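Some notes on the structure that comes next.
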């Protein structure tokens, strides 16, 4: 069964600290993996997209990693800011026509 | 360049009624996707249209339907509304067919069924 599991479900950290969000998937055949940021009540915005052959991809303070062997991905946020408070969603595409969303990690940054 | 637009922003309907949600993709994008996001839950894939045809459908009952017009805009129709249909409905568009293309999301339509 195609599944995407994210952890933790929610996370609270202090402004300026780093954090890492996890995504484990059992999806076949794997096409690509995306991380999205979704502010409350708004549509998701893409942070990174990674294919099978990519191990690391950065977008500013966001760095995503992918281990295709263990089927794990992580999103590392450096020097967090209040505007990073959002839900972070891991999305895996299987083949050409199936897309599976994780349930997201809700991140809160405290001043 | 304008992003994906959706209308209306908010909608309140009564159980049993029907509703139509609208989406205009980014200019040049041919694929449109619909998702449901119930409060506190993850996105659930509803429908995918490309070049006017339904390409894939999520695990939703037939009372969820839609179409894509020649200008690539799309409608999502929900018949016989139920309380659990209350959710944020998101539309996304992509430049090409297939999930290797980046999806750009609209702001969503918040549907409340009472």
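For segment B:81-94, does any single residue satisfy the condition of being away from every other protein chain (no Cβ under 13 Å) and assigned to a strand (DSSP E or B)?
Kept after step one, since they are away from every other protein chain (no Cβ under 13 Å), are these residues of segment B:81-94: B:81-86.
In the following step, the residues that additionally are assigned to a strand (DSSP E or B) were identified as none.
Within segment B:81-94 (the criterion being away from every other protein chain (no Cβ under 13 Å) and assigned to a strand (DSSP E or B)), the answer is no, since none of the residues qualifies.
If you go through segment B:15-32 one residue at a time, how many are closer than 13 Å to residue B:90 by Cβ and either at pLDDT below 90 or within 12 Å of chain A (Cβ to nearest Cβ) (or both)?
Of the residues in that region, 1 qualify.
In this structure, is residue A:34 touching a strand residue (DSSP E or B) at 6+ places or on another chain (Cβ under 9 Å) and assigned to a loop (DSSP other than H, G, I, E, B)?
No.
Could you tell me which numbered condition residue B:60 fails, if it satisfies all but one of (1) assigned to a loop (DSSP other than H, G, I, E, B); (2) at negative phi; (3) surrounded by fewer than 13 Cβ atoms within 10 Å (Cβ to Cβ); (4) more than 13 Å from every other protein chain (Cβ to nearest Cβ)?
Condition (3) is where residue B:60 drops out.
Name the one entry in B:47, B:90, B:43 that is out of contact with any helix residue (DSSP H, G or I) (no Cβ under 8 Å at 6 or more places or on another chain), under 17 Å from residue A:91 (Cα atoms) and modelled with pLDDT under 90.
B:43
For segment A:40-63, which residues satisfy the criterion of being part of a loop (DSSP other than H, G, I, E, B), within 11 Å of chain B (Cβ to nearest Cβ) and either at pLDDT 95 or above or exposed (fewer than 15 other Cβ atoms within 10 Å of the Cβ) (or both)?
A:40, A:41
From the list B:104, B:35, B:49, which residue is more than 10 Å from every other protein chain (Cβ to nearest Cβ), within 13 Å of the chain's Cα centre (by Cα) and surrounded by 17 or more Cβ atoms within 10 Å (Cβ to Cβ)?
Working: B:104 fails: more than 10 Å from every other protein chain (Cβ to nearest Cβ); B:35 fails: more than 10 Å from every other protein chain (Cβ to nearest Cβ).
The unique qualifying residue is B:49.
Part of a strand (DSSP E or B), at pLDDT below 95 and away from every other protein chain (no Cβ under 13 Å) - does that describe any residue in segment A:9-23?
Checking segment A:9-23: not a single residue is part of a strand (DSSP E or B), at pLDDT below 95 and away from every other protein chain (no Cβ under 13 Å).
Every residue in segment A:64-86 that is farther than 24 Å from residue A:109 by Cα and buried (at least 17 other Cβ atoms within 10 Å of the Cβ), please.
Within segment A:64-86, A:66, A:71 qualify.
Is there a residue in segment A:76-96 that is assigned to a loop (DSSP other than H, G, I, E, B), within 14 Å of another protein chain (Cβ to nearest Cβ) and either out of contact with any helix residue (DSSP H, G or I) (no Cβ under 9 Å at 6 or more places or on another chain) or within 19 Å of residue A:3 (Cα to Cα) (or both)?
yes
The values are calculated or read from the model by the stated rules, or taken from the named source; none is laboratory data. As the structure is a prediction and not an experimental result, all values here were calculated from the model. Ideal geometry is used to build each Cβ from the backbone, glycine not excepted, and the neighbour counts take in all protein chains shown.
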